[in-house]
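Before any comments, here is the structure.
The values are calculated or read from the model by the stated rules, or taken from the named source; none is laboratory data. Quick caveat, the model's predicted, so the values are computed rather than measured. Neighbour counts are summed over all protein chains in view; Cβ atoms, including those assigned to glycine, are modelled from backbone coordinates with ideal geometry. We work out accessible area using only protein heavy atoms, side chains counted, and drop any ligands, DNA or RNA first. Shrake-Rupley method; radii C 1.70, N 1.55, O 1.52, S 1.80 Å.
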Number of protein chains: 2
Amino acid sequence: MTDNTVSQNSKKTGYAPDISTVFVRGSSDEIQVPFDCLNLSNGEKILSYTVKGVKREVPLRKKWIEARASYGKGRTQLELAKAGVITPEMEFVAIRESGCYGDDMAFTPEDVRKAVACGHAVIPANICHPESEPMIIGKQFSVKVNANIGASSLSSGYAEELKKLHLALKHGADTVMDLSTGIKDLMGLRNAILRGSPAPIGTVPVYEALDRAEGKASDLTWDLFKQTVLDQARQGVDYFTIHAGLTADLLPHAAARTLGIVSRGGSIMASVMMRNNAENMAYEHFDELIEICREYDVALSLGDGLRPGCIDDACDDAQYGELRNIGKLAARCFDAGVQCFIEGPGHVPMDKIEENQRLQEQYCNKAPFYTLGPLVTDIAPGYDHITSAIGGAQIANFGTAMLCYVTPSEHLALPDEDDVKVGLVTYKLAAHAADIAKGLPNARIRDSAMARARADFRWFDQFTLSFDPMHAYEVWSRKMPENCGHEPAFCSMCGPRFCPIRLNRALQKKYLKQE
Amino acid sequence: MTDNTVSQNSKKTGYAPDISTVFVRGSSDEIQVPFDCLNLSNGEKILSYTVKGVKREVPLRKKWIEARASYGKGRTQLELAKAGVITPEMEFVAIRESGCYGDDMAFTPEDVRKAVACGHAVIPANICHPESEPMIIGKQFSVKVNANIGASSLSSGYAEELKKLHLALKHGADTVMDLSTGIKDLMGLRNAILRGSPAPIGTVPVYEALDRAEGKASDLTWDLFKQTVLDQARQGVDYFTIHAGLTADLLPHAAARTLGIVSRGGSIMASVMMRNNAENMAYEHFDELIEICREYDVALSLGDGLRPGCIDDACDDAQYGELRNIGKLAARCFDAGVQCFIEGPGHVPMDKIEENQRLQEQYCNKAPFYTLGPLVTDIAPGYDHITSAIGGAQIANFGTAMLCYVTPSEHLALPDEDDVKVGLVTYKLAAHAADIAKGLPNARIRDSAMARARADFRWFDQFTLSFDPMHAYEVWSRKMPENCGHEPAFCSMCGPRFCPIRLNRALQKKYLKQE
């Protein structure tokens, strides 16, 4: 990881936000949780959740994982939580969510253990990915954002994907899915991503399985699929999207849709089922998948192969039928001690968003919900980060625990680096808006500091407090007149002549003294 | 107005969407309502509401306005609606909202008359702005979007503002507010805007009044204010934002806020009140304002001088106290036969959005609500078109009739042309998402056509159906390989090797035949 202060330095202007890294110590020296510290010009310091990661000589979780066998109470966070064990990962997460350690914690380590123990929250942390900094996905915690990266046969190479990984972390991706397909050294690229990522890494193993079958659905056997899953688990992948709920009886419902199946993984599964006239192999062999996941503590992200690809297909028998199947699979995961969460939405009109969350909780016993958007209209390609952030903010407010970002290129092209940045900032602000609306403790700290900075014309503090400081600075400075001073008491919106913010000083002087 | 087909032609590529103008005739040849006709490659033609306007020898409403005196039943749309008169404007609006004339209309001219007569909807149409194409603002109709343009002393000139006007119309602004201040020939610029705009034009007259007082709040007398209002009414301004609800008793509440007053108009009113130790002159002389508005049929947009400027100031005594005042002023407008609507939000957390709509309807007897955003977090400057579209889509779904757009430059700089475009497309998609969620008749027609075009790989039809065809085309084409044909059955997201959409054909072939 590069240091933020350096990496965000603008080449054009020399401007960089004043952000440093501070650590909050837990119950021992081994538990040191990094935060961004936003240093404001008035001396205020605002601690902020960070995913950028910290360079370490020894991977953070190495010792914790080695010690796990000694508990003798299981391997996965879920098994240990059920057994009453508070793992170092749980304590780390509690500090991360609270911004502090001790009596003031909004979430104690025991709160985290309980949430994991009942399956309402998940800590995706493969025992072969010791480099990861533990994070938690669950309705009661802050809303998380996943970024997809990945090379395809048509474009994007190895180096470009690693750049995207670091860009995703810089802009706040809580987890990253590597969706690479069709390149030569998938395993090598994934290994580089895992070793460099403090964020949990997710994959869709059937993508690689199809590559190993040289693109022929008929050659995609269960043995090949299982071997792919096992190889990826051993590399350290933290969660697998598996489309095991897409059973054969649902295919006629999918066929009746305007847009059928739009999930790539779901489509591959359906293709294999149709070629071989067989049931979904991941459904049939689900216990074997569970066994691998339990062995490495990989979380299962139960994939929605039948997510609706257009407004007209939303909330139909295909989508909800699959969700019912997934609910049953989630119960099997839970009983086996394997952490799981549930994938959802796609294209859903706003009046159906609450229903989606409600049915998911009902069918899946409140396992965390992880949704793509939803996109609330079909007719804005090029702006689908926005159509989907509108839906995403709402479903997160209703209880969805993690949002999968959508970039401006959705429906049109493979995202480039700028798309990754814009997609992430858009989703971070949507997730943050939901944290505020849910009334999470401390959710408003940065907003309140921003309001005070605006009242004081502390422009550079405003940039520091922003989701994208460089961009805010550049928009502001582009239009300011020369020689207007470092922090002028106006901006180019109203010009220097009449500024409402300036009037407020007179207002406060007159009325606050009277009180 | 330029023809869309020509103006959208890409200089780089020669691509242009196939969009023509068609007219739907009403009860006579005088009522011809233009629509965009999206011509798809499979022969489908999708009619779409358009605001671009049509070049006419004689202004559209000239005869209608001249005939009005002959009714002898009043001058304003509200007076006439109360008297049972269906004006040509009402019929025009009914066709516009329905997309047709005759038995299939979703809204009959009588539906429109009723909505106007009870004050639940407004047709802003100054009798001195005959060039305008009538449109309606009301909860039961499609959600509208306003774009702000305007020169300031610091930047932006006459020609640039006219360019912004045409850009705003090209991208779907239903109304346009001219917020120019601090330039030499305000009246001249406004006249050029009015004569060139088929969309209703709104202003905040106190901006010009302050300019006439040479920026000195103490010189801003009622006579000067009233004369400004009268001059603007005579020019043809269709609605005035007047901050008459910001009464002196509310100033201490504003002073107690983190960010006090952030509305520029509200701030000017407060400044005048403080300097002169006087009550709000627009509140005191409200009957005189009503009289001018009745004379010219100017709608009053009752301004929220105390809209919250940060999450922490939302929904406080200042905001809701002003809203209660505004409700009483709205009742006076209604009784006097003057159309009015109500301005609201600013920065509001998502959990308070429904409450804002509910209280507005309660206090203001369901006069239409017109909100800025709301912005659902404070910490994303540079992305506030998105933070506010997230809130805007939600409040529109709850019943807000018109959204005032926010551009990416909000809080940082005066918007440039690209900001105007991005702000508008963002708000159009948010408004459209609300139309879908509200279940408005025909709201999904374009979405359904888009889904079918996606299923068929009709890429160019997808662009035609988009809010921003040129942009969608450019994102798509940038990454497509050379020599892949005009409409390849894949895109660069997955590459040519495995495309879910292609699999759907096999799916349908197998299962739809069996049924």
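What do you reckon, is B:A233 of a type in the set (G, A, S), open to solvent by 10 Å² or more (accessible area, probe 1.4 Å), more than 9 Å from chain A (Cβ to nearest Cβ) and in contact (Cβ under 8 Å) with a residue 12 or more places away in the chain?
So B:A233 does not fit the description; no.
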remark   = Among the residues of the stretch B:371-398, the number that are away from every other protein chain (no Cβ under 13 Å) and open to solvent by less than 10 Å² (accessible area, probe 1.4 Å) is 1
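Yes/no matrix, rows are residues, columns are (1) at the interface with another protein chain (Cβ under 8 Å from one of its Cβ atoms); (2) in contact with a helix residue (DSSP H, G or I) (Cβ under 9 Å, 6 or more places away or on another chain); (3) not aromatic (F, W, Y):
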residue: A:Y427; (1), (2), (3): no, yes, no
residue: A:A433; (1), (2), (3): yes, yes, yes
residue: A:A437; (1), (2), (3): yes, yes, yes
residue: A:P441; (1), (2), (3): no, yes, yes
residue: A:R444; (1), (2), (3): yes, yes, yes
residue: A:A453; (1), (2), (3): no, yes, yes
residue: A:R458; (1), (2), (3): no, yes, yes
task = Go through the stretch A:351-370 and give me each residue that's at the interface with another protein chain (Cβ under 10 Å from one of its Cβ atoms) and either closer than 19 Å to A:D419 by Cα or surrounded by 24 or more Cβ atoms within 10 Å (Cβ to Cβ) (or both).
result = A:I353
query = Any idea which of (1) surrounded by fewer than 23 Cβ atoms within 10 Å (Cβ to Cβ); (2) of a type in the set (G, A, S); (3) within 30 Å of B:A380 (Cα to Cα) is the one A:G188 doesn't satisfy?
reply = (3)
message = Show me the helices (runs of 4 or more DSSP H) found entirely inside the stretch B:428-515 where at least 2 residues are polar (S, T, N, Q).
response = B:459-464, B:500-514
task = Would you mention how many residues in the stretch B:60-87 are of a type outside the set (A, V, I, L, M), in a loop (DSSP other than H, G, I, E, B) and open to solvent by less than 40 Å² (accessible area, probe 1.4 Å)?
result = 4
Number of the exception - B:F467 against (1) open to solvent by less than 20 Å² (accessible area, probe 1.4 Å); (2) under 30 Å from B:K139 (Cβ atoms); (3) within 7 Å of chain A (Cβ to nearest Cβ) = (1)
inquiry  = Every residue in the stretch A:157-182 that is part of a loop (DSSP other than H, G, I, E, B), of a type in the set (A, V, I, L, M) and within 12 Å of A:K428 (Cα to Cα), please.
reply    = A:A173
request  = Would you check if A:Q227 is assigned to a helix (DSSP H, G or I) and surrounded by 24 or more Cβ atoms within 10 Å (Cβ to Cβ)?
outcome  = no
remark   = Filtering the stretch A:375-400 for residues that are touching a Cys at 6+ places or on another chain (Cβ under 9 Å) and part of a loop (DSSP other than H, G, I, E, B) leaves a count of 1
key: Residue check, A:V422 part of a helix (DSSP H, G or I), crowded, with 18+ Cβ neighbours inside 10 Å and within 8 Å of chain B (Cβ to nearest Cβ)   = no
message = For the stretch B:105-126, which positions are open to solvent by 30 Å² or more (accessible area, probe 1.4 Å), part of a loop (DSSP other than H, G, I, E, B) and in contact with a Gly (Cβ under 9 Å, 6 or more places away or on another chain)?
response = B:A106, B:H120
task = Kindly establish whether B:S477 is among the hydroxyl-bearing types (S, T, Y), open to solvent by 10 Å² or more (accessible area, probe 1.4 Å) and in contact (Cβ under 8 Å) with a residue 40 or more places away in the chain.
result = yes
ask   = From the set of residues in the stretch B:127-161 that are away from every other protein chain (no Cβ under 14 Å) and open to solvent by 10 Å² or more (accessible area, probe 1.4 Å), which is modelled with the lowest pLDDT?
value = B:Y158
query = Restricting attention to the stretch B:410-419, and to residues there that are within 7 Å of chain A (Cβ to nearest Cβ) and farther than 22 Å from B:G303 by Cα, which single residue is modelled with the lowest pLDDT?
reply = B:A413
query = Taking the condition among the aliphatic types (A, V, I, L, M) and either over 24 Å from B:L429 (Cβ atoms) or open to solvent by 10 Å² or more (accessible area, probe 1.4 Å) (or both), does B:A314 pass?
reply = yes
The stretch A:37-53, subset out of contact with any Gly (no Cβ under 8 Å at 6 or more places or on another chain) and open to solvent by 40 Å² or more (accessible area, probe 1.4 Å), residue nearest to A:L194 (Cα to Cα) = A:K45
request  = Examine the stretch B:245-261 for a residue that is farther than 23 Å from B:K352 by Cβ, assigned to a helix (DSSP H, G or I), open to solvent by 10 Å² or more (accessible area, probe 1.4 Å) and away from every other protein chain (no Cβ under 14 Å), and state whether such a residue exists.
outcome  = no
ask   = Going by the structure shown, is A:R452 in contact with a strand residue (DSSP E or B) (Cβ under 7 Å, 6 or more places away or on another chain), more than 30 Å from A:A299 (Cα to Cα) and open to solvent by 10 Å² or more (accessible area, probe 1.4 Å)?
value = no
query = Among B:K164, B:K216, B:K184, B:K170, which is modelled with pLDDT under 95 and under 20 Å from the mean Cα position of the chain (by Cα)?
reply = B:K164
query = Which residues, taken from the stretch A:276-288, are open to solvent by 10 Å² or more (accessible area, probe 1.4 Å) and either at the interface with chain B (Cβ under 9 Å from one of its Cβ atoms) or within 25 Å of A:D335 (Cα to Cα) (or both)?
reply = A:E279, A:M281, A:Y283, A:E284, A:H285, A:D287, A:E288
inquiry  = I'd like the residue in the stretch B:198-214 that is surrounded by 15 or more Cβ atoms within 10 Å (Cβ to Cβ) and out of contact with any helix residue (DSSP H, G or I) (no Cβ under 8 Å at 6 or more places or on another chain) and, out of all such residues, is nearest to B:M187 (Cα to Cα).
reply    = B:G202
